[in-house]
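Chemist: Below is a structure I'd like to ask you about.
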Amino acid sequence: EARLDADASGLRRSALGDAALGALLGPVLGDFAARFGRVRGGAMAVVALGKAGGREMMAGSDLDLMLVYDHPDEVTQSRGVRILPASQWFVRAAHAYVAAVTAPGVDGQLYAVDMRLRPSGNKGPVAVSLGAFRSYHAGDAWTWERMALTRARVVAGPAALRARVEAVISEAIVTAGEPGRIRADAAAMRARMLRELPPDGPWDVKLRPGGQVEVEFISQVLQLIHARHDPGVCSPTTRVALTRLREAGHLPSADAALLIRADHVWRTVQGMLRITIGRTAPAELPEATARPLLRATWDAGVAVNDLPALRAGLEALAVDVRAAFVRHVGEIKG
């Protein structure tokens with residue numbers, strides 16, 4: 001109903017997601033340990049990425065998660081009624097945890113979970129050891145995986161393990177590589193996305209040229225480039241990272257203002273369409289959607305009174321974002 005700003009609602013939805021993830025971890029692992037013993041000195045941490053990591057969740061947002069575990073080197077198996085090798089214990093415990101997070105209730109599924117951002121994607125184990133995570137990002141990770149880590153937040157798990165995981169994430173970000181390669185890889189990835197994931201109609205403000213993805217790419221690329229010498233610019237929240245990049249002199253004030261505004265507008269449009277239409281909006285929006293969308297975008301700074309004017313305003317904003325992408329990342333070829 002456009003009664004709550006996209007920034008404020010994103011913080012509240014993400015806080016709710018954090019609370020659910022934290023509340024479920026202990027009971028699920030405790031139940032699993034009762035059946036399969038405990039791995040002495042072992043623990044698991046939950047890392048949120050994407051919109052959940054950036055505290056920008058919308059209606060219907062899934063949880064992009066990564067599960068990282070650690071245990072003493074000398075501990076190789078669980079102790080209890082049943083015994084499992086330590087790595088198998090954590091992988092099976094991770095499956096139990098994801099099942100709890102995604103379990104349907106009387107109001108439907110709690111959350112959908114996407115774990116494709118973990119090391120090796122769907123080909124990798126559902127839970128990764130801290131050592132393997134560190135080794136992967138030291139040698140095998142792609143630039144886009146380092147970009148994804150700029151959105152990472154450790155949201156659940158014992159404090160000591162959370163701190164170790166955060167340190168490894170920071171290490172991966174500050175050792176992402178040379179600026180030229182980071183920019184070239186990001187531009188190539190964006191070109192590939194446009195080929196393989198084209199926007200789904202005129203209201204797809206996430207995937208459209210100059211849309212939300214390109215704002216996020218600019219933020220992530222600049223963080224990877226400058227974090228080596230200025231780690232304070234990093235933040236999982238796009239608007240915060242852009243502000244820090246501006247304050248540190250790595251992003252011109254005009255470009256920062258443009259990108260922060262675009263980030264807010266794109267999330268406002270996407271969030272309102274999610275509530276009123278769903279994930280796919282028709283080219284011609286119904287009146288019941290148009291009214292709250294125009295009200296929400298007016299408050300976000302696109303002050304127009306009808307949908308044709310709104311589409312024209314969004315198109316102009318997208319053109320400006322694409323120009324900023326070219327300036328700070330590079331040309332999109334192909």
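Chemist: Go through (1) open to solvent by 20 Å² or more (accessible area, probe 1.4 Å); (2) over 24 Å from Ile218 (Cα atoms); (3) at pLDDT 90 or above; (4) within 26 Å of the chain's Cα centre (by Cα) and name the single condition Arg291 misses.
Modeler: (4)
Here is a yes/no grid of residues against (1) hydrophobic (A, V, I, L, M, F, W, C); (2) buried (at least 22 other Cβ atoms within 10 Å of the Cβ):
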| position | (1), (2) |
| --- | --- |
| Ala176 | yes, yes |
| Ala187 | yes, no |
| Gly210 | no, yes |
| Ser219 | no, yes |
| Leu222 | yes, yes |
| Ser235 | no, no |
| Thr238 | no, yes |
| Leu259 | yes, yes |
| Arg279 | no, no |
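Chemist: Of the residues that sit in segment 80-106 and are open to solvent by 60 Å² or more (accessible area, probe 1.4 Å) and more than 25 Å from the chain's Cα centre (by Cα), which one is nearest to Ala138 (Cα to Cα)? Even if it seems obvious, please write down each step before you answer.
Modeler: The initial filter retains those residues of segment 80-106 that are open to solvent by 60 Å² or more (accessible area, probe 1.4 Å), namely 81-83, 85, 87-88, 92, 95, 104, 106.
With the extra rule that they be more than 25 Å from the chain's Cα centre (by Cα), the set shrinks to 81-83, 85, 87-88, 106.
Details: Val81: 38, Arg82: 35, Ile83: 32, Pro85: 26, Ser87: 21, Gln88: 24, Val106: 44 Å.
Filtering first and then ranking leaves Ser87.
Chemist: For segment 43-74, which positions are small (Gly, Ala, Ser) and either modelled with pLDDT under 95 or part of a loop (DSSP other than H, G, I, E, B) (or both)?
Modeler: Going residue by residue through segment 43-74, those that are small (Gly, Ala, Ser) are 43, 45, 48, 50, 52-54, 59-61.
Correct list: Gly54, Ala59, Gly60, Ser61.
Chemist: Follow-up. If a residue has to be touching a helix residue (DSSP H, G or I) at 6+ places or on another chain (Cβ under 8 Å), of a type outside the set (Val, Ile, Thr) and open to solvent by less than 60 Å² (accessible area, probe 1.4 Å) to count, how many in segment 189-208 make the cut?
Modeler: The qualifying residues number 7.
Chemist: Condition (residue is open to solvent by 30 Å² or more (accessible area, probe 1.4 Å), more than 16 Å from Leu25 (Cβ to Cβ) and not charged (D, E, K, R)) applied to segment 110-119: is it met by at least one residue?
Modeler: Checked segment 110-119: at least one residue is open to solvent by 30 Å² or more (accessible area, probe 1.4 Å), more than 16 Å from Leu25 (Cβ to Cβ) and not charged (D, E, K, R).
Chemist: For segment 75-109, which residues satisfy the criterion of being of a type in the set (Ser, Thr, Tyr), closer than 15 Å to Ala20 by Cα and not in a loop (DSSP other than H, G, I, E, B)?
Modeler: Matches in segment 75-109: Tyr97 only.
The values are calculated or read from the model by the stated rules, or taken from the named source; none is laboratory data. Keep in mind it's a predicted model, so treat the numbers as computed, not measured. Neighbour counts are summed over all protein chains in view; Cβ atoms, including those assigned to glycine, are modelled from backbone coordinates with ideal geometry. Just so you know, the surface numbers come from the protein's heavy atoms only, side chains and all, with ligands and any DNA or RNA stripped out. Shrake-Rupley method; radii C 1.70, N 1.55, O 1.52, S 1.80 Å.
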